[in-house]
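Take a look at the structure below.
The values are calculated or read from the model by the stated rules, or taken from the named source; none is laboratory data. All of these numbers come straight from a predicted model, not from anything done at the bench. Heads up, the Cβs are rebuilt from the backbone with ideal geometry, glycines too, and the neighbour counts pull from every protein chain shown. Note: accessible area is taken over every heavy atom of the protein model, side chains too, but ligands, DNA and RNA are not part of it. Shrake-Rupley method; radii C 1.70, N 1.55, O 1.52, S 1.80 Å.
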Amino acid sequence: MTEKWAFLTQIEDDREADVIESMFGFYGIPLLRKYRWAGGFLKVFMGVSSFGVDLYVPESVLNISREILEAKQEQTSEEESRG
């Protein structure tokens, strides 16, 4: 049986996706990227996409993935308020 993928979040670009994918890799959580609109074509031809990236994780780890992502966002907010 193949596990279903669940939408996690939409982000702005691949750089942010790389950071999240690396972080999730530490926890052994796979991440699937889906480019919006013609974003996939732009990524292939230009190396970047300006339409955003949707991130998906397996349904079985959706809740823990949300918690990890929220913790990252809280940490980023704290660092920005201090700096």
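Modelled with pLDDT of 90 or more, open to solvent by 90 Å² or more (accessible area, probe 1.4 Å) and either in contact with a strand residue (DSSP E or B) (Cβ under 7 Å, 6 or more places away or on another chain) or of a type in the set (Val, Ile, Thr) (or both) - does that describe any residue in the stretch 47-60? Yes.
Restricting the stretch 1-37 to residues that are of a type in the set (Ser, Thr, Tyr) and in a loop (DSSP other than H, G, I, E, B), the residue that is farthest from SER60 (Cα to Cα) is TYR27.
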